[in-house]
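The values are calculated or read from the model by the stated rules, or taken from the named source; none is laboratory data. The shown structure was predicted, so the numbers you read here are calculated from the model rather than taken from an experiment. Methodologically, a virtual Cβ is constructed for each residue, glycine included, from the backbone with ideal geometry; neighbour enumeration extends over all protein chains shown. In case anyone asks, the SASA skips ligands and DNA or RNA and just uses the protein heavy atoms, side chains included. Shrake-Rupley method; radii C 1.70, N 1.55, O 1.52, S 1.80 Å.
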Amino acid sequence: MSKVTIAAPKVHMRQVIDTLYSLNALHIQDYKEKELSIGSPMQDAEKISEMLLDITAVKSITGINGSSKKIKMSLSQASHIVKELREKASSLYNEKKKLQESDIEKKEKSLAFLRDAGIKNFSSLSGYKSLVMVAGYIKKPLKAEGIILFSRNEEKAPAVAFCRKNDAKVLSEMRSCIAEEAVPVEGRGSIASAIETTKSEKAKIAARLAEINSAIAELKESQEKILSIEAMLVEAIEKDEAPLRFAVSRNAFVVQGWIPSKNVTKLEEKISAITREAFMKATATEDAPTKLDNPKVAKSFEFFLDLYSLPRYDELDPTWLILLSFPVFYGFMIGDMGYGAVILALAVLLRNKMRNIRALIDVSILSALSTIVFGFIFGEFFGTEELFGYHLTPFVHRIEDVNGMIVASAVLGLIHMNAGFILGFINERRHHGIAKAVMAKLSWIILEACGIALLLNTLGYITINSTVPVVLGVVAIGMIAKAEGIGGIFELPSLLANVLSYSRLAAIGLASASLALVVNHMAAPLFAGGIVGTIFGVMILIIGHSINIAMGIMDAFLQSMRLHYVELFGKFYKGAGKPYKPFGQKE
Amino acid sequence: MVESMAAIGAGLAIGLTALAAGYAEKEIGAAAVGAMAEKEELFTKGLILTVIPETLVIFGLVVALQILA
């Protein structure tokens, strides 16, 4: 990347912005200093924002979504179309909402209640001087005298009851025996005709709602148009608001940013084609934004960096290392040909369906392949040592040779960690020179080698004079203390802890293999028990192995990820890079 | 006698370390979820911090296997 500074007269601002946008390569750095003021948006910006707001409203009313290529159209023409659509959509929406909120159903219900309570006319409900009315469903039959009731006097029956206003006792009984409902007392004529009117009103509302819905659906037909206008407007607003990121004086403006070095000459040519009064300068840079550039196989493994933190521009991209080690760890943990095949099948099936987690699925496919390879090494197929009648001879027997597995894990861990130290060495040399790199990173490798030599010597695998590793080790510790201060000394035991941490590879493998065995042992005796037994046996096999596979996938993934993030990245990775977003890039 | 004591020791090694790891993860996990509720990008950091105490059980397992071997 190169850092470029472009300065030009203000009159050419529009052209420069257009050029930068179509080049789609300059990551603009927002101007934040105080000497100059920032630019203001072009004059159309406000109008375009309003139009975009209208489009959002239309989209949400009609349920349009997706994206489209931009259309070429004048702003006023677009504005005309957008306004018309917005007005149509809004009025339809408002009417629909109003109709939906009308309480026609409630009205229908209370009219039906009055009918069932034996009321024939609205006039029976009001106009009394000395009577009070209580309406509702009867909780328990009314007994007191002096109650006028039009309907049956039994539990749950709808009732409208009257009594004398000054007869407090009867009134209180009525109140306690009837669960009150609010009923409309206003109205004219017979209840039956009111019910008829409501019915026809309801039918009218339903018909109108259907009309509105089909009108909204019709609006949806202009989806392509709306989306293409939206694409055009989004581009326009991005261009119009670009000056907010520039430094502007009375007659000129300055824009700064990063651009891939191979594009510098192209940009220079384009800018000088606009005006000879423009000035451009490109310099090498360290604090540039980061864009990961990996071959296609490794691309999906960038997922782990996206999740964690992008490397800084001047840092090594560890994606390829993750590509090598992640599937190995994953396969080592699950290590079963059958399980690997199931995971592979699942991943291949879901690959085209779940595009949003494509990277994760691609990682799973590679990991599943590695699982099958390790399954072959461990001679396991769904926990058995048989594959379609052939006996599998394990190269390593996982459950019996636990110590061997732990040693193998530790060796994998040492390789992994040293890869981290080597990357750290390269990073450190790049930033602070070879001396610091040797002191801070090589020292750990030396210390490690000394530790291993001493261990092997003690265990009797090799015979060496132990003074050499001891002296070298002390020197290495001194170097660490010099490079990292007293904190480095406290970090020393973490070396051992990290190596031991890798024994989770063996431990999870052991758990997975044992669980598979247990499932098989549980199912085996059932197969002797006729058809019913066989059915149960198959069920146990399917359920048991499914659970084990699900746990295996999750555990292997998380643990492998953790080994990378904690044990590996701790050795060299700083992260906190900012992503490269060129001006003109589509979302 | 020695064998049975060794078996108990191995059990304790796993059990106690698992309890310890669980206790530690409980505290970290709760805090991590709280932080995530505020800022979703903290998921990875939270995850990493949450699984750090798992190493305790692994140590316990290694010790147990060594006792039984």
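How big is the A/B interface in buried accessible area, both sides summed, 1.4 Å probe, to the nearest 100 Å²? Write down the numbers at each step before the final one.
Working: alone 32610 and 5090 Å², together 36300 Å².
Chain pair A/B: roughly 1400 Å² of buried accessible area.
Restricting to DSSP H runs of at least four residues, report the calculated mean residue ellipticity at 222 nm for chain A, -39500 (n - 2.57) per run over all residues, nearest 500 deg cm²/dmol.
It lands at -19500 deg cm²/dmol.
Test of understanding: what is the full-extension gain from A:Ile415 to A:Leu244, defined as 0.36 nm times their sequence separation minus their Cα-Cα distance?
56.5 nm
Subtracting the Cα-Cα distance from 0.36 nm times the residue separation, let me have the gained length for A:Thr285 to A:Ser193 in nm, one decimal.
Gain on stretching A:Thr285 to A:Ser193: 24.6 nm.
Ignoring ligands, DNA and RNA, how do B:Val57, A:Val363 rank by accessible area with a 1.4 Å probe, largest first?
Largest accessible area first, the list is B:Val57, A:Val363.
Keeping every protein chain in place, order A:Thr56, A:Thr534, A:Thr5 by accessible area at 1.4 Å, biggest value first, i.e. largest first. List each step's numbers first, then the result.
Values: A:Thr56 80, A:Thr534 50, A:Thr5 30 Å².
Accessible-area ranking of A:Thr56, A:Thr534, A:Thr5, largest first: A:Thr56, A:Thr534, A:Thr5.
From the square roots a ≥ b ≥ c of the eigenvalues of the alpha-carbon gyration tensor of chain A, which class results: rounded (a/c under 1.5), prolate (a/b over b/c), or oblate?
oblate
Taking only Cα atoms, what is the 0 to 90° angle, nearest 10, from helix A:337-351's long axis to the longest principal axis of chain A?
That helix lies at roughly 50 degrees to the long axis.
Could you pull the accessible area for A:Lys139 with a 1.4 Å probe, rounded to 10 Å²?
Rounded to the nearest 10, the figure is 110 Å².
Helix by helix, which DSSP H runs in chain B go 20 Å or more along their axis at the Cα atoms and have an average Kyte-Doolittle hydropathy of 0.5 or more?
Going by DSSP H runs, the hits are B:2-38, B:54-68.
Relative contact order for chain B using alpha-carbon pairs under 8 Å, separation at least 6, rounded to a whole percent?
Normalised by residue count, the contact order of chain B is 51 percent.
Taking the inverse of the average 1/r across all pairs of different Cα atoms in region A:42-108, what Kirkwood radius in Å do you get?
14.0
If the limit is 28 Å between Cα atoms, which of A:Lys70/A:Lys96; A:Lys47/B:Lys39; A:Lys143/A:Lys165; A:Lys32/A:Lys482; A:Lys32/B:Lys39 go over it?
Violating the 28 Å Cα-Cα cut-off are A:Lys70/A:Lys96; A:Lys47/B:Lys39; A:Lys32/A:Lys482.
Long-range amide H contacts for A:Thr290: which residues qualify at under 5 Å (H placed 1.01 Å from N, peptide plane, sequence gap of 5 or more or a different chain)?
Here A:Lys578, A:Tyr580 satisfy the definition.
If I fit a long axis through the Cα atoms of helix A:504-523 and take the longest principal axis of the Cα atoms of chain A, what angle between them do I get, 0 to 90°, rounded to 10?
Between helix and principal axis, roughly 60 degrees.
Hey, if we sort A:Met354, A:Met551 by accessible area with the 1.4 Å probe, largest down, what's the order?
Most to least solvent-accessible, the answer reads A:Met551, A:Met354.
What are the aspartates and glutamates whose alpha-carbon lies under 14 Å from the alpha-carbon of A:Lys574, with same-chain residues fewer than 8 places away excluded?
Partners found: A:Asp287, A:Asp306, A:Asp314, A:Glu315, A:Asp317, A:Glu428.
Taking a probe of 1.4 angstrom, what is the accessible area of A:Tyr573 in Å², to the nearest 10?
A:Tyr573 has an accessible surface of roughly 30 Å² with all protein chains in place.
Could you tell me which of A:Ser130, A:Ile48, A:Gly424 has its Cα farthest along the dipole of chain A towards the positive end, charges placed at Cβ (Lys, Arg +1; Asp, Glu -1), taken about the Cα centre?
With unit charges placed on the Cβ atoms, the residue in question is A:Ser130.
Pop out a list of residues from region A:554-569 that are at least 50 Å² less accessible with all the protein chains around than in their chain alone; 1.4 Å probe, no ligands or nucleic acids counted.
A:Arg562
At 1.4 Å probe size, with the rest of the protein present, what percent of the exposed accessible area of chain A is carbon and sulfur atoms? Numbers along the way, then the final one.
On the way: 19330 of 31950 Å².
Roughly 60 percent, rounded to a whole number.
May I ask you to derive the relative contact order of chain A, considering only C-alpha pairs under 8 Å and at least 6 residues apart, and to give it as an integer percent?
Working: 801 pairs, mean separation 116.1, N = 587.
For chain A, the relative contact order is 20 percent.
List the aspartates and glutamates whose Cα lies under 16 Å from the Cα of A:Lys107, skipping any in the same chain that are fewer than 8 positions away.
A:Asp116, A:Glu181, A:Glu186, A:Glu196, A:Glu201
Loop-only check: which GluC sites (Glu not before Pro) in region A:269-366 are DSSP coil with at most 12 other Cβ within 10 angstrom?
Listed in order of number, the matching sites are A:Glu277, A:Glu286.
How many lysine pairs does region A:251-376 hold where the Cα atoms are under 25 Å apart and the two sit 8 or more places apart or on different chains?
13
Roughly how tilted is helix A:530-562, in degrees to the nearest 10 and between 0 and 90, from the longest Cα axis of chain A?
Long axis of A:530-562 versus the principal axis of chain A: about 70 degrees.
Which shape class, rounded, prolate or oblate, goes with region A:429-587 when its Cα gyration tensor gives a ≥ b ≥ c as root eigenvalues, a/c under 1.5 marks rounded, and past that a/b bigger than b/c marks prolate?
oblate
If the cut-off is 18 Å between C-alpha atoms, which aspartates and glutamates fall inside it for A:Lys239, apart from same-chain ones fewer than 8 positions away?
Partners within reach: A:Asp18, A:Asp30, A:Asp44, A:Glu46, A:Glu50, A:Glu230, A:Glu587.
Any idea how far apart A:Ile464 and A:Lys225 come out in nm if each label point goes 7 Å out from Cα toward Cβ?
Taking the simple label geometry, A:Ile464 and A:Lys225 are separated by 8.1 nm.
Counting only heavy atoms of protein chains, what accessible area per residue, in Å², does chain A have with a probe of 1.4 Å?
Ligands and nucleic acids excluded, the result is 54 Å² per residue.
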